[in-house]
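Below is one structure, written out as structure tokens, with a few remarks after it.
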Amino acid sequence: MTTRPDPVRDADAEALAMARALLSGAEHAALAVTDPADGLPGISRIAFGFGPEGMPMTLISSLSAHHGALRANPACALMVGEPGPKGDPLTHPRLMIKARADFVPVDDPDRAALRDHWLTAHPKAKLYVDFGDFGFVRFAPVSILLNGGFGKAFRINPAQI
């Protein structure tokens, strides 16, 4: 039996630029979690952005299923990138980020700065950001995989982004 070469390459400058462009334009992402009730995966669409320190983050309600799932198991994955208006959706670039969720405590001294920063990029969140059930979650990337389209798969070290 012959082994096939790994089709996923280490990122080059072009791949890193593509990944950074996907991230900088992302206002939402798909979030994959593990459902604590049955151990099966679940997916939600979330608001997505970056904190002042450059860490990926979101604002979520404690009433959501993904909130409880992340509390039970902070291991998760995010997918960023949307199909373009034309062509095969599988040829458009997308980024998968494996991460660990870290909930920002309500009494965290940085919460006010996070709130202000978040509202700059997500002004509609002003309607609910201060509701008692909403809180910020930072995502600490563990690994990143860029699918840049057909035949363009790259591994990216989170420190490179």
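The values are calculated or read from the model by the stated rules, or taken from the named source; none is laboratory data. If you're wondering where the values come from, they're calculated on a predicted model, not measured in any experiment. With ideal geometry, Cβ positions are generated from the backbone for all residues, glycine too; neighbour counts draw on all protein chains shown.
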Can you tell me how many residues within the stretch 69-102 are touching a strand residue (DSSP E or B) at 6+ places or on another chain (Cβ under 9 Å), among the small types (G, A, S), surrounded by fewer than 19 Cβ atoms within 10 Å (Cβ to Cβ) and outside any strand (DSSP E or B)?
1
Scan of the stretch 1-50 for residues that are closer than 30 Å to V129 by Cα, surrounded by fewer than 10 Cβ atoms within 10 Å (Cβ to Cβ) and of a type in the set (K, R), ordered by number
none
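Looking at R45, R71, can you tell me which residue is within 16 Å of R100 (Cα to Cα) and either hydrophobic (A, V, I, L, M, F, W, C) or at pLDDT 95 or above (or both)?
Details: R45 fails: within 16 Å of R100 (Cα to Cα).
Testing whether each residue is within 16 Å of R100 (Cα to Cα) and either hydrophobic (A, V, I, L, M, F, W, C) or at pLDDT 95 or above (or both) leaves just R71.
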Residues that are among the charged types (D, E, K, R) and touching a helix residue (DSSP H, G or I) at 6+ places or on another chain (Cβ under 7 Å), drawn from the stretch 97-134:
K126
Do you know which residues across the stretch 49-68 are out of contact with any helix residue (DSSP H, G or I) (no Cβ under 9 Å at 6 or more places or on another chain), in a loop (DSSP other than H, G, I, E, B) and of a type outside the set (G, A, S)?
E53, M55, L63
Residues being closer than 22 Å to M79 by Cα and either of a type in the set (D, E, K, R) or in contact with a His (Cβ under 6 Å, 6 or more places away or on another chain) (or both): count how many of those fall in the stretch 125-161.
3
Does any residue in the stretch 139-154 that is at positive phi come within less than 9 Å, Cβ to Cβ, of a residue that is of a type outside the set (S, T, N, Q) and in a loop (DSSP other than H, G, I, E, B) six or more places away or on a different chain, and which pairs are these?
G149/H92; G149/P93; G151/P7
Tell me which residues, restricted to the stretch 106-128, are within 19 Å of the chain's Cα centre (by Cα) and either more than 26 Å from E82 (Cα to Cα) or surrounded by 15 or more Cβ atoms within 10 Å (Cβ to Cβ) (or both).
L114, R115, H117, W118, H122, A125
